[in-house]
Amino acid sequence: MQRIYMHSNEHFEVFTTVLAPQGRYRYRAEAEKMVVVHSYRPLWPDELELSPGDVILVLSKHEEERWFGRLQDGQRGYFPASCVMELSQVGWLPE
C-alpha cells in the first residue's frame with residue numbers, strides 16, 4: 001500500500017511517499033520480540049509511539065534504521081531501530 005503525506009510551513013512544502021509492507025503478518029520464527037529502551041514520538045501517521053518498557057514484535061527489517069512491528073496492544077507501524085533492544089540483551093524484563 002502506498003501513502004502520500006504532506007508537511008508544510010510558511011517556507012516550503014514536502015511531499016513524502018511511504019510504501020507499507022503488504023500482506024498479513026503471522027508469528028513466525030523470524031519475528032523477534034524487542035523491548036523499547038528509548039521513548040519515541042512519531043513524526044508520521046504510520047509510525048508507532050514508543051515508551052520504555054514496551055514490548056514490540058519486529059515483523060520487518062527491510063530498512064537498516066527503520067523497522068516495522070506490532071506493539072502488544074495490536075498497533076502496527078514503523079519505528080527507529082535504535083529505540084529497541086533484544087529481550088535477551090536487556091538486564092530487566094518489562095512487567
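The values are calculated or read from the model by the stated rules, or taken from the named source; none is laboratory data. In this text, all values refer to a predicted model and were calculated from it rather than measured experimentally. So basically every Cβ, Gly included, is an ideal-geometry build from the backbone, and we count neighbours across all protein chains shown.
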Just to be sure, is Tyr5 in a strand (DSSP E or B), surrounded by 13 or more Cβ atoms within 10 Å (Cβ to Cβ) and modelled with pLDDT under 80? yes
Can you name every one of the strands (runs of 3 or more DSSP E) wholly within segment 33-87 that holds 2 or more residues which are out of contact with any helix residue (DSSP H, G or I) (no Cβ under 6 Å at 6 or more places or on another chain) and of a type outside the set (A, V, I, L, M)? 66-71, 76-80
Could you list, in sequence order, the residues of segment 51-69 that are surrounded by fewer than 18 Cβ atoms within 10 Å (Cβ to Cβ) and within 19 Å of Arg41 (Cβ to Cβ)? Ser51, Pro52, Gly53, Val55, Glu65, Arg66
